[in-house]
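> The structure follows.
The values are calculated or read from the model by the stated rules, or taken from the named source; none is laboratory data. Fair warning: this is a prediction, and the values are worked out from it, not measured in the lab. Please note: Cβ atoms are built from the backbone with ideal geometry, for glycine as well, and neighbour counts cover all protein chains shown. Protein only, heavy atoms only, side chains kept; ligands, DNA and RNA dropped before computing areas. Shrake-Rupley method; radii C 1.70, N 1.55, O 1.52, S 1.80 Å.
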Amino acid sequence: MNSAPEQAVSLDQHSALEMPELDVDILGRRNEIIRDLRALVPGEGVISETSEMRVYESDGLTAYRQLPFVVVLPETVEQVSAVLRYCHKTGLKVVPRGAGTSLSGGALPLGDGVLLGLAKFNRILDIDYANRTATVQPGVTNLAITKAVEGRGFYYAPDPSSQIACTIGGNVAENSGGVHCLKYGLTTNNILGLQLVLITGEIINIGGKHLDSDGYDLLGLLTGSEGLLGVITEVTVRILREPETARAMIIGFPSSEDAGACVGSIIGAGIIAGGMEMMDRPAIHAADEFAQAGYPLDVEALLIVELDGPEAEVTDLIGRVEEIADANNASNVQVSQNEPERQKFWAGRKAAFPAIGRISPDYYCMDGTIPRHQLPKVLARMRELSEKYGLGVANVFHAGDGNLHPLIMYDSNVPGELEAAEDFGADILRLCVEVGGVLTGEHGVGVEKRDLMPEMFSETDLDHQQRVKCAFDADGLLNPGKVFPTLHRCAELGRIHIHGGKIPFPDIPRF
Amino acid sequence: MQTRFSIHQLADPDISVANDILRKCVHCGFCTATCPTYVLLGDELDSPRGRIYLIKNMLEDGGAPSPDTVKHVDRCLSCLSCMSTCPASVNYMHLVDYARDHIEETYRRPLSDRLFRAILAKLLPNPRLFRLGMIAGFVAKPFASLLEAIPVTRRLAALARLAPSRLPGRSANEGPGTFPAMGVRRKRVALLSGCAQRVLAPELHDATIRILQRHGVEVVLAKGEGCCGGLPHHLGKTGDSFALAKRNIDAWSHEIDDQGLDAILVNASGCGTTLKDYGFMFREDPVYSVKAARISELAADITEFLNQLGLDDPTIDPDLDVAYHSACSLQHGQQVHEPPRDLLSKAGFRVHEIPEGHLCCGSAGTYNMLQPRLSKALRNRKIGHIEGLDPDVVATGNLGCITQLATGTKIPLVHTIELLDWATGGPKPAKLS
Ligand SMILES: Cc1cc2nc3c(=O)[nH]c(=O)nc-3n(C[C@H](O)[C@H](O)[C@H](O)COP(=O)(O)OP(=O)(O)OC[C@H]3O[C@@H](n4cnc5c(N)ncnc54)[C@H](O)[C@@H]3O)c2cc1C
Ligand code: SF4
Ligand code: SF4
C-alpha cells in the first residue's frame, strides 16, 4: 500500500498551476478510506496502486498531470450514490471522469480526491422512436448513440470530432459542440432529461422525454457545469431523422484569406450549411494521410461545406456555393457523390487533431471564438507568433460560428518547448479577445482557462456563478480547482447558503 | 507524448523504436472506444491508451514490471483494433510485442502460468507435437474437470476442452511438394502450411490448393517451412519465434532464388500479419534483414491474391446468406477489407455485415485459453450479433475464429476460401452438407 506523502506530488511540470491545497487529514487516512471505498465498490472497481493510477493521471490535455488519490469505477447508480454520500460525509473531493478526452483538463485528478470514472455505464437504456428520444447511461459514447438508431434512419446531432470516444456524460458536462452544431445546436439544444447524483448521494431527475417538463431551465444550468454540480448518471437525448439528402463539398483555396472570404459570402447569401469547417495546410496534410479523404494537397486552405435537406434544395444550394467559391478564387471543388464519400470527407476533419501526432510529438489545442471577418487578421498574426516562438501551428476552424482551434506543435522532450507553447497559446487567446472574440469556444474552462476567467467575467458575474455552485455543493467537494480561479467559501457569498445538504429546488422530483 | 528514457536506454535499438512509437501518441483517447477489453471492462487500464501508458512506465523504469501491469498487458488481445482507429499512426503492435518480450525477460510468473505458457509455446508451433497433444487432449477431455480442480493443472483443462472430439486424418496435401497449375501457368506461389491449422483443419489447405490450381496457379509447399512464429511471439517468447521465422525465410528464399515466387500466400490471417512483419522483426539483422523484407513484400492473404488475379465465374448458384466475419488480423493487422467481401459477392453469395464488426470474437491466438473469461464474453457478444442476422453460414479468413465461434453457435462456420472453392468448381464444404 502506498504511503500518504507520495500522493502529495504536485503537477510535475506546472508549478504555475495552483490547485486547491491538499487535505493532509485525508492523505493521512488513505488506507482507511480505500478500505471503505472497497466495501462500497467491490472487485476491480477501486484502483489504488501507483503504477495503475498513473494511467489516469491526465486527460486529453497531457501538459497537466496529477496522480489521483484513488480511482473508483462504480457500476451502478446506487454505487455512485453511496460513494458520493461517503465523500460528502468524509470531506473527500471528487473528480468525475468520462472518457478522459477533455482538452481543458476538466478531468484532471486531484492528489487528495477520488477520480470517479463512469466508463462502465455504457448501456443504452431506452430508445423511443415515437417520441424521438434515447435514454442512455453517461458512459455511452456520442457515436454509439447514433449507431444504435441509424438503422431506423435516426441520429444524434451534436458530433464532436472526438465522438468515437467521448461520452455523453462528458458532452453534457462540457456542453460540447460538433461540426454540425452550426445548424443543429450544441449539446444543450439536444438533451431533454438528466439523472443526477448530488454530492449528498441524493438521486434527482430533471426534465424527461418532453421539452416542457418541469425543471427544464435547470437542464441548461447543468449542461456545461463541468462536473462541479453533480454526477450525471443518465441522459435523455433528442434523436433526429436523418436528412433526406446530405452532401459535403470540399473546396480548396490558394490562401486562408480567400477561404475566410468565401465563408463570409456563403453566410451572407443566407445559406445555412449543415456544417462548415476550415483547415489550413498542415492540418489538411496530416488529416489526409490518416483518413485518405481525398483532400487536395496543393492548397493553403480547405473548406468543407455540408448541405442537407430535400434533394432539390441541396442540388440548388450546391450550385450556389460553387458559384460563390469560384468568385472567391477557389482552386478546386469536389462534391461527395455518395454516403461513404461524404463520410470520408468528414473522417479527415474529425481525425485532424490527433493526426497532428504524425508530424509532431505533442500539440496544445487552443479553443477561442473570433468574429468571422477577423480570421485573416488572426491567421496572419498567428504566423508571426509562430515565427517568434519557433513553433509550428496548424489551424482547424469551425468556420460557421467562428470557433478557432489552433494546434500548437511542440516537443515535450525538449526543455522549454512546453513553456513556449503555453506562452504562444496565451498570446493567441489574447489576440482572440483583442479582435472582439471570447476565450472559450467549446472545450470548456477546466484548469486550462480557469485563470483567464476574470478576463471574461466581472467579479459579480463570477460570484453569481459560484452561488449556483454553492447551492449544489456547499462544501466545494465536486471538481474543485476547475473553472473558478478561486472558490469562495459559500458562507462568504451569502444569500443562497445551504445547510445540511438540502438543496434549494424543492420542486425537483427525486427518489 | 513525453518520454523519459536516458541516453543509455535509447542506445538499445528496441527501446529507441518504442520511444518513437510512444512519442507519436497524443493521448487523444480515440482508440479506447474501439478496444474490446475496454468496451467490456470500462477501465482505462484495459484500454490501448492505458496500456501504452503502462508500457511506457514499465520500459522507462526498466526491470521487472508490477503484477498489475502484467495483468493488463496480458488482457490485450493483440487484435489491433486500436491501430485502425489511431489517427496518429501509433504502432501499437510493435510496442506491445516488445512489451511482452520485456515481461518475459524480466518478470517471473506463477508456476502454473509459466508451465501453461511453455506448453503452448512448444506444442502449437510443432504440428507433430501438436497432433500428439491433441490426442492427449482427446484422451484427457473427460478428465477436464479433474484437471481444473488442481491449481497447477487448471489451465490444462482449457487445452483439453479445446481438443476436437474427432481428430481429422492427414491430408494428401501435406507438404513439402509442388502442385501444378491446371492449364496455362499464370503464377507460381508458395502457400504457408503453418502449424496447428494443418492438423485441425486440413481441408482449408486442400480447398486453397484446389482453387489456385484451377486458376492457373502453381502452388509450392516449400521444404522446411512451418509455423510463422506468431504464437510464441505473442507469448513474448521472442527467441523461439525468431528461430521459426528464420526457418521460413530460409525456405522461401531458397524457392525465390530457385524457381521464383510471385507471392507467398496465407490462408490463416493471423499468420499473414506475422509474415508481413518479418521485415520489421529482422530489421537489425545483418544476415536476414534484406531477405526478411522480401518475404514480407511477397506475403499476401489468399483473398488479396485471388481478387487481384480475378475470380472465375461461379459454376453454381449457392443461394446463401453469408455473414462475413472479418478476422482482426485481416481487418486491423493487414487492413484487408474489400477483397474477401468482393470475392464472396462475385461468387454469388449474399454478403452481410455483422454489427460491431471491428470487435474481436475473443479467439486471438492463444487468448481463448489464457483469458477464458474475457474471451467468452467477446464470443457471446459476437454470436449475439451474428444470430441477429440469421445467416445460412458464417465465413471468415481465420481458423481461430471458426474454432472459437463454433463453441457457441449452431450456425455453420466456414473459411472464406471453402465457399469460393465450392462456388467455382470445388466440392461443397462438409459443414454445409
Ligand atoms: C481529438 C479531440 C477532438 C475533440 N473535438 C471536440 C469537438 O469537436 N467539440 C467539442 O466540444 N469537444 C471536443 N473535444 C473535447 C472533448 O472530447 C469533449 O469535451 C468531451 O465532451 C469530453 O467527454 P469525455 O467523456 O471525454 O469527458 P472527460 O474528459 O472525462 O471529462 C470532461 C469533463 O466532464 C466532467 N464529466 C465527465 N463525465 C461526467 C459525468 N457523468 N457527470 C458529471 N461530470 C462529468 C468531468 O469532470 C470533466 O470536467 C475533443 C477532444 C479531443 C481529444
Ligand atoms: S488513438 Fe492513437 S494517439 Fe490517440 S490515444 Fe490512442 S494510440 Fe494515442
Ligand atoms: S490490440 Fe486490441 S485489445 Fe489490445 S489494446 Fe489494442 S484494441 Fe485493445
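> Between segment A:465-494 and segment A:275-309, how many Å separate their Cα centres?
Cα centres, segment A:465-494 to segment A:275-309: 42 Å.
> Could you give the C-alpha radius of gyration of chain A expressed as a fraction of 2.2 N^0.38 Å, taking N as the number of residues it contains?
Scaled against compact globular proteins, the figure is 0.98.
> Just the isolated ones, please: cysteines in chain A lacking another cysteine beta carbon under 4.7 angstrom.
A:CYS87, A:CYS166, A:CYS181, A:CYS262, A:CYS365, A:CYS432
> Tell me, what is the 1.4 Å probe accessible area of B:LYS122, in Å² to the nearest 10?
Roll a 1.4 Å probe over it and B:LYS122 shows about 120 Å².
> With the other protein chains left in place, how much accessible area per residue, in square angstrom, belongs to chain B at a 1.4 angstrom probe? Numbers along the way, then the final one.
Details: 16540 Å² over 433 residues.
Accessible area per residue, chain B: 38 Å².
> Could I ask something else about it? Just to be sure I understand the curve: with the Debye formula and one point per C-alpha of segment A:110-175, what is log10 I(q)/I(0) at q = 0.14, 0.19, 0.27 Å⁻¹?
So the normalised log intensities are -0.43, -0.73, -1.25.
> Now for a separate question. To the nearest 0.05, how large is the calculated FRET efficiency for A:ASN131 and A:THR76 if R₀ is 30 Å and r is the Cβ-Cβ distance?
Efficiency for this residue pair is about 0.70.
> Here is a follow-up. In segment B:17-35, which residues give up 30 Å² or more of accessible area once the other protein chains are added, compared with their chain alone (1.4 Å probe)?
Buried by 30 Å² or more upon assembly, which counts only protein chains, are B:ARG23, B:LYS24, B:VAL26, B:HIS27, B:CYS28, B:PHE30, B:ALA33.
> Hey, what's the Kirkwood Rh for chain B if you take every pair of different alpha carbons, in angstrom?
Computed over Cα pairs of chain B, the Kirkwood hydrodynamic radius comes out at 22.3 Å.
> Moving on. So which cysteines of chain B have no other cysteine's Cβ under 4.7 Å from theirs?
For chain B, the answer is B:CYS25, B:CYS28, B:CYS35, B:CYS76, B:CYS86, B:CYS361, B:CYS401, because their Cβ atoms have no other cysteine Cβ under 4.7 Å.
> Right, next: Does segment A:17-121 come out rounded, prolate or oblate by the C-alpha gyration tensor, with a ≥ b ≥ c the root eigenvalues, rounded set by a/c under 1.5 and, if not, prolate when a/b is larger than b/c and oblate if not?
In terms of gyration-tensor shape, oblate.
> Name the residues of segment B:50-77 whose accessible area falls by at least 40 Å² when all protein chains are present instead of the chain alone, probe 1.4 Å?
SASA drop of 40 Å² or more in segment B:50-77: B:TYR53, B:ASP68.
> Tell me the angle of helix B:92-106 to the major Cα principal axis of chain B, expressed in degrees between 0 and 90 and rounded to the nearest ten.
The two axes meet at around 60 degrees.
> Over the Cα atoms, compute the radius of gyration (one decimal) and Dmax (the largest Cα-Cα distance, rounded to a whole number) for segment B:177-306, in Å.
In Å, with Rg to one decimal and Dmax whole: 14.0, 45.
> Using a basic spin-label model with each label point 7 Å from the Cα along Cα→Cβ, how many nm lie between B:SER289 and B:ARG247?
Placing both labels 7 Å beyond Cα along the Cβ direction yields 2.6 nm.
> While we're looking at this one, here's another question. Simple spin-label model, 7 Å along Cα-to-Cβ: B:VAL184 to B:GLU338 in nm?
2.7
> Cut-off 11 Å, label point 7 angstrom out along Cα-to-Cβ of B:LEU432: give me the residues of segment B:347-369 whose amide nitrogen falls inside.
B:347-350
> A further question follows. Multiply the residue gap between A:GLU459 and A:ARG320 by 0.36 nm, knock off their C-alpha separation, and tell me the result in nm, one decimal place.
45.3 nm
> Using a 7 Å offset from the Cα along the Cα-to-Cβ direction at both A:ASP427 and A:GLU311, what is the distance between the two label points in nm, to one decimal?
Roughly 5.4 nm, to one decimal.
> Could you run the numbers on buried accessible area between B and A, total for both chains, 1.4 angstrom probe, in Å² to the nearest 100?
3200
> Looking only at the protein assembly as shown, where both bridge partners belong to it, what percent of the DSSP beta bridges are antiparallel (to the nearest 5)?
70
> Here's something else I'd like to know. Set the Förster radius R0 to 35 Å, insert the Cβ-Cβ distance between A:GLU419 and A:ASN329 as r into 1/(1 + (r/R0)^6), and round the FRET efficiency to 0.05.
The value I calculate is 0.35.
> Please give the helix A:256-268 orientation as an angle from the longest Cα principal axis of chain A, in degrees from 0 to 90, rounded to the nearest 10.
Approximately 90 degrees, to the nearest 10.
> Continuing with this model, one more query. How long is the gain from B:GLN308 to B:HIS358 if the chain were fully straight, where each residue apart is worth 0.36 nm and the alpha carbon distance is subtracted?
On the way: separation 50, 0.36 × 50 = 18.00 nm, distance 2.45 nm.
So the chain would gain 15.6 nm between B:GLN308 and B:HIS358.
> Based on alpha-carbon atoms only, what is the radius of gyration of segment A:317-456 relative to the globular estimate 2.2 N^0.38 Å?
Rounded to two decimals, the normalised Rg is 1.18.
> In addition: Answer rounded, prolate or oblate for segment A:245-300, using the Cα gyration tensor with square roots of eigenvalues a ≥ b ≥ c: rounded when a/c is under 1.5, else prolate when a/b is larger than b/c, else oblate. Numbers along the way, then the final one.
Details: a/c = 2.80, a/b = 1.41, b/c = 1.99.
Note, shape of segment A:245-300 comes out oblate.
> If you don't mind, there's one more thing I want to ask. Would you give the gap between the C-alpha center of segment B:352-408 and the C-alpha center of segment A:369-425, rounded to a whole Å?
Centre-to-centre distance over Cα atoms comes out at 46 Å.
> Additional query: Using a ≥ b ≥ c from the Cα gyration tensor of the protein assembly as shown (square roots of the eigenvalues), is it rounded, prolate or oblate, where a/c under 1.5 gives rounded and otherwise the larger of a/b and b/c decides, a/b for prolate?
Cα axes put the protein assembly as shown in the prolate bin.
> Report, to one decimal in Å, the Kirkwood hydrodynamic radius for segment A:232-332 based on all distinct Cα pairs. All intermediate terms of the calculation are to be shown ahead of the outcome.
Details: mean 1/r = 0.0682 Å⁻¹.
Hydrodynamic radius (Kirkwood, Cα pairs) of segment A:232-332 is 14.7 Å.
> Over chain A, with the other protein chains present, what is the accessible area per residue in square angstrom, probe 1.4 angstrom? It would help to have the intermediate numbers written out before the result.
Working: 19010 Å² over 511 residues.
Per-residue value: 37 Å².
> Rounded to the nearest 0.05, what FRET efficiency do A:GLU18 and B:SER66 have when you use their Cβ-Cβ distance and R0 = 30 Å? Write out the running numbers ahead of the final one.
Details: r = 32 Å, r/R0 = 1.07.
Between A:GLU18 and B:SER66 the formula returns 0.40.
> Moving on to the next point. Comparing the chain by itself with all protein chains present, which residues of segment A:50-67 are at least 30 Å² less accessible (probe 1.4 Å)?
With the partner chains in place, segment A:50-67 has these residues losing at least 30 Å²: A:SER51, A:GLU52, A:ARG54, A:VAL55, A:TYR56, A:THR62, A:ARG65.
> How big is the Cα convex hull of segment B:7-106 in projection, averaged over all directions, in nm²?
So the mean shadow area of the Cα hull is 5.7 nm².
> Sticking with this one: Determine, at each q value in 0.22 (inverse angstroms), the log₁₀ of I(q)/I(0) that the Debye formula gives when each Cα of segment B:300-361 is one equal point scatterer.
Values, matching the q order: -0.94.
> Where does segment B:29-164 land on Rg(C-alpha)/(2.2 N^0.38 Å)?
1.22
> Could you sort A:VAL72, A:VAL414 by accessible area so the largest value comes first, with the probe set to 1.4 Å? Working shown, then result.
On the way: A:VAL72 0, A:VAL414 60 Å².
Ranked from most to least accessible, the order is A:VAL414, A:VAL72.
> Determine the share of chain B's accessible area contributed by carbon and sulfur atoms, expressed in whole percent, with a 1.4 angstrom probe.
Values: 9130 of 16540 Å².
Answer for chain B is 55 percent, counting heavy atoms of protein chains only.
> Translational diffusion coefficient of segment B:342-429 at 10 °C, 1.306 mPa s, Stokes-Einstein with Kirkwood Rh over Cα pairs, in µm²/s as a whole number.
Roughly 116 µm²/s, to the nearest whole number.
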